[in-house]
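For reference, the structure discussed in these notes is given below.
The values are calculated or read from the model by the stated rules, or taken from the named source; none is laboratory data. Here the structure is a predicted model, which is why all the values come from computation and not from measurement. When we count neighbours, we look across all protein chains shown, and the Cβ atoms used for this are built from the backbone with ideal geometry, even at glycine. Note: areas computed on protein heavy atoms with side chains; ligands, DNA, RNA excluded. Shrake-Rupley method; radii C 1.70, N 1.55, O 1.52, S 1.80 Å.
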Amino acid sequence: MSASDEGIAAVAGYAPHPYVGGRTAVLRALAAWRMRWPGAPRVIVLTGNPGSGRSRLVTGFLMMCDPGYRKQLPLDDLDPATVPPDLPAPAVPNPSGRTAAQLLWVIADHFGLHADRGDDIFPELAAREEPVTIVVPDVDRAGPVRAAHEPARLVRDVLKPLAATETVQLLADVPRELAAELAEALPSGQAQIIDLDAPEWADPKGLVRHAETALDPGAGAPELPFTTDPAVRRPLAEALAGRADDSRLTVQLAVQSLLMQPEGFDPADESLLPATVGEALDLHARRLDVDPQTLRLLLAPLAFAEGEGLPVQLWGPLANSVAGRDMSQDLADGMLLTAPFIQPVEPDAEEDTDDEAAGDGADDGRMLLRLQHPGIAEEIRSGLPDVRDAQTKIAMALLEAVPQQNWAKADPYIRDHLAAHTLEAGLLPQLLTDPGLFAHADPVTLRTAIEAVPLEQLGAPARTYLRTAPLLTRSQAPADVRAAFLESAFVEDGLAPYAEALHTLGFDLPWRTLWSVPLAGVRAVTTGSLPQEGGEGTAAETPPGADGAGSGGEGPAPVSGTATALRPVAAFVVPEGTPGSRTMPGPDGDASEDGGALLLHDLLRPGYVDADPTQVQLPSEETKAAAPFGFSRGADYLRVWARAGQEVVAALLSDTPLTGADLSPDGVLVVATERGVTARQILAAAPAVTPTVPAQRTGAADSAASDGLEGDHS
């Protein structure tokens, strides 16, 4: 099949696809792929230059693949070889703004797979009895951070394994630089590259039709001398298409420019018609008597915009920053100048739920703007003398726009996308020292940006964030919960000031992490009290050689009495031979037969306790029943709830399985995981108990939970 089929279709009298307007040869190839015609490839890689019409072509093809939408199309008038059979609609996971991992799980959810890991998804698909059809459009728009090069990761981690899966029939729209990598990984005959800019797939007549339709008042164009007269409109459409070198985007921009500013345009003067996207920009500016560089500087902030688009209120400050001068008058006078190249965007209702929760109204009535096509952005960025310098100026302007440097009051765009701008500016490592930004920023976007930086360039806080990020993205938690997870993570990693800072930034944190010890092999934990002889109940010293498990200030003194004081402690069941531990006594007082040992740790502050574990007093059943909080746990999560009203006051999620957990009567939660043990003071107000919180605490390593010496005390 080749472009010669276009002529055959025309001679036969078939109507063009009402949305695509041409591309008969490609539509025939896609229809043969969809019906698994003998000799048709199992994988088709669609590619072409930016603006070649790949997205429109895929959309038009999918219209004919959707059983519901087919009823709205004049299928009987189309070339039968371009119409795919009436089959169930293929899966169409949208990669726009998504990471490769996110897209993979979208596919898994669509097919109802039971995989627990991403690597298990492909074997599950391979084991299916019936083949599956997957169409992945717009791979070039993948990823929440443009400079992180997510399209290449998507091809490598998702599309290539999908293409190699024999039960998968795949159509993917990818940038040209990635097309060969995807197709060459397959045996000969299984994959085909369709390059819309290659001569065999070109569609010059379809492009003329596209231009003529855009100029037609019957299709919505204004009535102008060169639109109402067919004798003028058709030659103009042919001239536009001939100059545009098969670029749908160039034709589209040229037509929008002419329709928006028709004064002074001569349809017979081909020098006024653009051959490239860049010429479309420059010709439009000159027709409005404006320096083309002014137009490019005005559009530069939108060319660097991340996500769905740039908030309109940030456009002016960023344009000033990039230009190095006041552009406010140019912007005020430039609506007609910029209009053909920009479009408003409805904000995503789910983009930032934190604003509504915080009640700051930062997102109320926010309008977003973006360029009409990524090809325009590429043209503008390529015309700047120094992209890194422009991104540096944008990043500095965004930082200045944060009110009182309070991230809770910052525009959602700044919180979520500042990291992307600083990444391309080479400044991201310097930004990653603010715990408030860590908590407020969208974790998917921030994680993607940080992962694009070599690990050796990251400081300790950024490394802590990076290891915690999977929990933040997995839980999809709001800012307060993200701050709580990070607070514990900072204590685990010995970064006490960062943990303390999160308690000063207005977050409603459910706990304060008291300490954490990196201790492997903990099978269970229990809270209790250790009698202390002496009127003042002075705390025991940490045994020589025992790890204090992190730095921290002094906690409150143990409860004291006239003769005996009770020191709150946590007991860990650990492997025999663990430094500082003592053999766990059996039922008859002899050594335990299972080889376990007990290790005691102060409950309220860092430090092991050198004492006889048999002296630990566990809370009575009456005391536990009267405690204000209870807890329940699963394999990797735990919830603390108030007994009065059963309201959940804290929820903990772990990236490793919990091996033990216990909750003291006064609300100290001790959790063990495969990595270690962490204690958190529950901060929720509860009647009949005053939380015991040390004046300052830190620690060294969060972990998970276990059942304690007498089981789960929930």
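Please list 129, 622, 238, 500 in order of solvent-accessible area, largest first, computed with a 1.4 Å probe with all protein chains present.
Final ranking, largest accessible area leading: 129, 622, 238, 500.
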(request) Could you please report the charge total around residue 321, scoring K, R as +1 and D, E as -1 over all other residues with beta-carbon less than 12 angstrom from its beta-carbon? (result) -1
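Before anything else, pin down the relative contact order of the chain: Cα pairs under 8 Å, at least 6 apart, normalised by residue count, whole percent.
9
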(request) Give the long-range amide H neighbours of residue 609: residues separated by 5 or more places, or on another chain, with amide H under 5 Å away, using H modelled in the peptide plane at 1.01 Å from N. (result) 600, 601, 602
(message) Taking Cα extents along the principal axes in Å straight from the coordinates, which label in (i) 105, 71, 46; (ii) 91, 59, 49; (iii) 109, 63, 45 is the correct one?
(response) (iii)
(request) For a quick protection proxy, order the peptides 44-55, 403-414, 106-117 by their average other-Cβ count within 10 Å, most packed first. (result) 44-55, 403-414, 106-117
(message) What FRET efficiency comes out for residue 232 versus residue 685 if R0 is 60 angstrom and r is the Cβ-Cβ distance? Round to the nearest 0.05.
(response) 0.20
(request) Under 19 Å from a label point 7 Å along Cα→Cβ of residue 388: give me every residue in the stretch 411-447 with its amide N that close. (result) 419-432
(message) Can you give me the long-range amide H partners of residue 569? Hydrogens built in the peptide plane at 1.01 Å from N, cutoff under 5 Å, separation of 5 or more residues or another chain.
(response) 528, 529, 530, 603
(request) Once you have the Cα-Cα distance between residue 508 and residue 622, take 0.36 nm times their residue separation minus that, and quote the gain in nm to one decimal. (result) 37.9 nm
(message) Antiparallel versus total DSSP beta bridges in the chain: what percent is that, nearest 5?
(response) 75
(message) Pairs of alpha-carbon atoms within less than 8 angstrom and 6+ residues apart define the contacts here; what relative contact order does the stretch 424-491 have, in percent?
(response) 38
(message) I need the calculated FRET efficiency for the pair residue 582 and residue 433, taking r as the beta carbon distance and R₀ as 35 Å, to the nearest 0.05.
(response) 0.25
(request) Just flag the GluC sites (Glu not before Pro) in the stretch 153-202 sitting in loop per DSSP whose Cβ has no more than 16 other Cβ atoms within 10 Å. (result) 166, 184
(request) Grab the Cα-Cα distance for residue 266 and residue 312, subtract it from 0.36 nm times how many residues apart they are, and report the gain in nm with one decimal. (result) 13.1 nm
(request) Would you work out the charge dipole size for the chain about its Cα centre, treating the Cβ of every Lys and Arg as +1 and the Cβ of every Asp and Glu as -1, and quote it to the nearest 20 debye? (result) 720
(request) Hand me the trypsin sites (Lys or Arg not before Pro) from the stretch 126-202 located in a DSSP loop with no more than 13 other Cβ atoms within 10 Å, in residue order please. (result) 128
(request) Would you kindly state how much longer the chain becomes between residue 70 and residue 647 on full extension, computed as 0.36 nm times their sequence separation minus their alpha carbon distance, in nm to one decimal? (result) 202.7 nm
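Would you compute, from DSSP H runs of 4+ residues alone, the mean residue ellipticity of the chain at 222 nm, taking -39500 (n - 2.57) per run and dividing by the full residue count, rounded to the nearest 500? Provide the component values of the computation, followed by the final result.
On the way: 29 runs with 265 residues, N = 714.
It lands at -10500 deg cm²/dmol.
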(message) Can you give me the long-range amide H partners of residue 169? Hydrogens built in the peptide plane at 1.01 Å from N, cutoff under 5 Å, separation of 5 or more residues or another chain.
(response) 132, 133, 134
(request) For residue 130 paired with residue 333, estimate the spin-label separation in nm (one decimal), with each label point 7 Å from Cα along the Cα-to-Cβ line. (result) 6.4
(request) Please name whichever of 62, 265, 413 sits farthest to the positive end of the charge dipole of the chain, dipole taken about the Cα centre and charges placed at Cβ: Lys and Arg +1, Asp and Glu -1. (result) 265
(request) Report the calculated FRET efficiency for residue 167 and residue 674 (r = Cβ-Cβ distance, R0 = 35 Å), to the nearest 0.05. (result) 0.45
(message) Rounded to whole Å, give me the distance from the Cα center of the stretch 66-125 to that of the stretch 486-522.
(response) 43
